[in-house]
Structure formats: C-alpha cells, structure tokens
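Taken together, the values in this text are just the output of simple stated rules run on the coordinates, not laboratory data. Values in this document were obtained by computation on a predicted structure and should not be read as measured data. Here the Cβ is made from the backbone with ideal geometry for all residues, glycine too, and neighbour counts use every protein chain on show.
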Amino acid sequence: MYNEVTTFIRNLYNKPTDLVPLHAPVFTGNEKKYLNECIDTTFVSYVGRFVTLFEEKIAAYTGAKYAVAVVNGTCALEIALKLCGVKSGDEVLTQALTFVATSNAIAYCGGNIVFIDSEKQNLGMCPEKLEEFLTENTEIRADGYCYNKNTNNKVSACVPVHIFGHPCLIDKINEICSKHNIVVVEDAAESIGSTYFGKHTGTFGKTAVLSFNGNKTITTGGGGMIITDDEQLAKKAKYITTTAKVPHPYEFFHDELGYNYRMTNVNAAIGCAQMEKLDEYIANKRETAALYKEFFAKHKIEFFSEKENCFSNYWLNVIILKDREQREDFLKYTNENGVMTRPAWTLMNKLPMYKNCLHTNLDNAQWLEDRIVNIPSSVRL
Ligand SMILES: Cc1ncc(COP(=O)(O)O)c(C=O)c1O
C-alpha cells in the first residue's frame, strides 16, 4: 500500500523519477530583480531599502505594529526572550515536541527549561497540563512575579510553538500565563500566514518570532523576524541587534552589549520578493493539503487537518500513523523510494543537553512523536 502513497506523491509533484524533497524553496517572483538592485547599488550588507521594506511588509501582513528583521529565527527568539526579561536562572516553559532551536534560545539566555506536554487536537502546548503545573508548583510572591515553590526560581516566560504551521491553543495559554504573570513569547517560526480566530499567529503574546530559513513557507536564505505591538520592545530589539551603536554620523560608541544580528539587504531583498507571492504559495499549499486529505481518507490513514477557528499555512503536512512500528516502516519505504518523509523531532527531554530539565508527564508528546510523519509539502509549480 505504501507504493500507492509514493506514486500519489510523485504524481502530485510531477516527479516520476527524481527525489521528491520535503520542502524546497521556490523563487517565481522578483527575487533576481531585487538581488540585482542590491549588487548594482552595492547595498548588499546593512544599508539599503529592502530591510525596512521587508519589516514593513511583515508588520502589515501579520497585523503586528512592529517587525524587526534579524539573521535567523533562533537569534530572534534569544533576543525576544532577553527583552521580555528572561534572566539567567529563570524558569522558562516550553514544549518537548518542537525543533531544538526553541530550547536552545532559552538556554542561550541561561534559562532553566520546563517542558510541558502537548495536546493532540492542535498539536501544540497542552493548556490543561500547563495550568496543572503552575497550580501545583508555583506561587505569586510579594514582587508580583511567579516563582517555582520547589526550586525558588522565577518563572518568567512561556514559549508555545505553532508546530508545522498549525495554530496552537494560544488563547487558553495566554489566559493561563497572564493569570500567573508569565510573559508569552510565541514561536511562530513555522506559521507565517496561519491564523487563529482570524488573528495572525504570533500576535497573541507580548512578542513572537518568525523564521525564513530555506525550508520555510517563504525564505530569505536565512532570516528571522521579531514581531510585537510593543514600541519600546521593538526599538530595543532593533538597537541591540545592530550592535547597540549610539546614532552618530561618524563616531563609534556602543553603550551596552549588542549583537550583530541584523538581516542583510541581500536576504531582505529575497524576502520582499517572496512576500509578494506569499498568499499564492499558501493557497497552493492548502490545495495540496486538500488533495492529501482526500487521498489518505481513502487509504484509512489519518491526515492532520486544521481545526475549527484555525487557518493553517500547512507548512509541513502531517500524517498520524497507527504506532511507532508503522511509522518506521513508512519512513523506510518512502525514503528508500525517493520520497522524502521524516518523523517529528525527538522530544527535547531526550537530548543530552536537556535530559535533566523539569517536565510534566509527556504522554501526548510521546504519543505524537511515535506516530507523526511529515510528507512532501513544497509549493507545487
Ligand atoms: C519551531 C521552530 N523554532 C525556531 C526555529 C529557528 O529558526 P531558524 O532556523 O531561522 O534559526 C525553527 C526553524 O528552523 C523552528 O522550526
């Protein structure tokens, strides 16, 4: 039966013999024109019109008031967490089922990670498990902040992730975190174009990040964006990601530890061209998802579809197999036959760097890890 799957996917992507990649970038717009402009004007690095234009386009598209372009989604998260007050030794809540960058960014800030279980409905952080953890283990102290009663660490932030482009239950997570005075930083690296109750993912928390890595819905080669409605946070993000240089026509004076995280004009030029195509790409990906849904329904394989009140970009399409054994068989067959598929990430608490982190029970995350397979999801040309 798996050969019917590979045949279907090969036909879908019109690749009778070549490898079908999981998610290849497509450049069908003004990329070359804008890149030529960078070269002709010599503005290939930090000066040039495209960075600001790209930021404006992202802000307008997501509905966030401000957007700050940086070199990748991981450093966007690191800076977002720092600017939300995460200090070394603080506890930061996130989920075990995510890409390693989410955890790494917390670790770069010196945060102690707490892994919260996932839920099976939207594939995101489980609000019930989050609430249970906070109710059982934390208290609000005299300074108004939330502390873990067992470790005495401040619990300063929560990083829910919209995985594979599917909006998580961000309204409930927000509500719980605000009750406990915990800042929400959304990891929307995978979910550009996805909305929840009509509102763009990444505009629910205090701030959020997007990624424009080569495997994302749109790419800048490498790139990330911090989005927020908080003017001070945005200004500070711009400042510290551009080496904290005090503005002056020729003097170099930096008044705090800054970072060289600013996106280049070349990357932003590609981003501007990709933004012009974003809606077209998402419509194309949603059409692919609909075709997958129909196909897998016929073959009694569960295809994960967006839930009520969600609009998904279907960044990476997801099927949920019967058990880990079927997952292994499926992965082996498809990859050996030139159709790229991959499992969800190994849960973060199993990685050597994070094996001693606190966590809730991770039954749902483990259930999902055992069964999820991502299948080819590129825009079809
Ligand atoms: C969930 C998640 N968070 C963060 C990142 C980090 O983004 P980047 O690769 O741009 O550093 C990615 C993607 O790569 C991701 O999938």
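Listing Glu131, Glu186 from fewest to most neighbouring C-beta atoms within 10 Å gives Glu131, Glu186.
Bins of 10 Å, beginning at zero and ending with the bin holding the largest distance: percent of Cα pairs per bin for the chain, please. Calculated over all Cα pairs of the chain, the distribution is 5, 23, 31, 25, 12, 3, 0 percent.
What do the square roots of 5 times the Cα gyration tensor eigenvalues come to for region 190-236, in whole Å, largest first, as semi-axes of the equivalent ellipsoid? The partial results should precede the final answer.
Details: eigenvalues 78, 51, 6 Å².
Each semi-axis is √(5λ); the values are 20, 16, 6 Å.
The spread of Cα positions in region 271-323, taken along each principal axis and listed from longest to shortest, comes to 42, 21, 19 Å. Panel values: region 226-381, Kirkwood radius from alpha carbon pairs, Stokes-Einstein at 25 °C and 0.890 mPa s, translational diffusion coefficient 123 µm²/s.
In a shell of Cβ-Cβ distance under 9 Å around Pro160, excluding Pro160 itself, what net charge do Lys and Arg (+1) and Asp and Glu (-1) give? Numbers along the way, then the final one.
Numbers: positive: none; negative: Glu186, Asp187.
Value of the local net charge: -2.
Under a 5 Å amide H cut-off, with hydrogens placed 1.01 Å from N, Ala208 pairs with Glu186, Ile227 among residues at least 5 apart or on other chains. Each residue in Glu175, Glu78, Glu119 was given a count of other beta-carbon atoms within 10 angstrom of its own, and listing them fewest first yields Glu175, Glu119, Glu78.
Which value, in debye to the nearest 20, gives the size of the charge dipole of the chain about its Cα centre, when Lys and Arg are +1 and Asp and Glu are -1 at the Cβ?
Values: 40 positive and 45 negative charges, 105 e Å.
Computed about the Cα centre, the dipole is about 500 debye.
Give the distance, in whole Å, between the Cα centre of region 220-264 and the Cα centre of region 333-381. What the calculation gives is 34 Å, centre to centre.
Residues whose amide H lies under 5 Å from that of Leu93, counting only those 5 or more places away or on a different chain, are Val114, Ala157, Cys158, Val159; hydrogens are built 1.01 Å from N in the peptide plane.
As a rough footprinting exposure proxy, the listed residues Leu210, Leu291 were ranked by other beta carbons within 10 Å of their own, and the order from fewest upward is Leu291, Leu210.
Assign one of three labels to region 124-274, namely rounded, prolate or oblate, based on the Cα gyration tensor with a ≥ b ≥ c the square roots of its eigenvalues; rounded applies when a/c is under 1.5, prolate when it is not and a/b is larger than b/c, and oblate otherwise.
Working: a/c = 2.75, a/b = 1.35, b/c = 2.04.
In terms of gyration-tensor shape, oblate.
Couplings 3J(HN,Hα) for region 248-265, derived from phi with the Karplus relation 6.51 cos²θ - 1.76 cosθ + 1.60 (θ = phi - 60°), are 6, x, 9, 6, 9, 9, 10, 9, 7, 6, x, 10, 9, 10, 5, 5, 7, 4 Hz, where x marks Gly and Pro.
Filter the cross-link list Lys129/Lys285; Lys235/Lys350; Lys15/Lys216 down to pairs whose alpha-carbon distance in this structure exceeds 27 Å. Listed pairs above 27 Å: Lys129/Lys285; Lys235/Lys350. For region 158-219, the percent of C-alpha pairs falling in each 5 Å distance bin, counted from 0 to the bin holding the largest distance, reads 4, 21, 30, 23, 12, 6, 2, 0.
Any chance you could list the semi-axes, whole Å, largest first, of the equivalent ellipsoid that the Cα gyration tensor gives for region 59-169, using √(5λ)?
Details: eigenvalues 111, 69, 35 Å².
Value: 24, 19, 13 Å, ordered largest first.
3J(HN,Hα) along region 154-163, derived from phi through the Karplus expression 6.51 cos²θ - 1.76 cosθ + 1.60 where θ = phi - 60°, amounts to 6, 9, 9, 8, 10, 10, x, 10, 8, 7 Hz, with x in place of Gly and Pro. Taking every Cα-Cα distance in region 186-304 and sorting them into 10 Å bins starting at zero, the pair-distance distribution P(r) comes out as 12, 30, 31, 16, 7, 3, 1 percent.
Taking all pairs of distinct Cα atoms, average 1/r, flip it, and tell me the Kirkwood hydrodynamic radius of region 103-144 in Å to one decimal place.
Working: mean 1/r = 0.0818 Å⁻¹.
This gives a value of 12.2 Å.
When both region 28-63 and region 133-159 are represented by their alpha-carbon centers, they are found 43 Å apart. Each principal axis of the Cα cloud of region 1-145 was taken in turn, and the coordinate range along them, longest first, works out to 59, 55, 27 Å.
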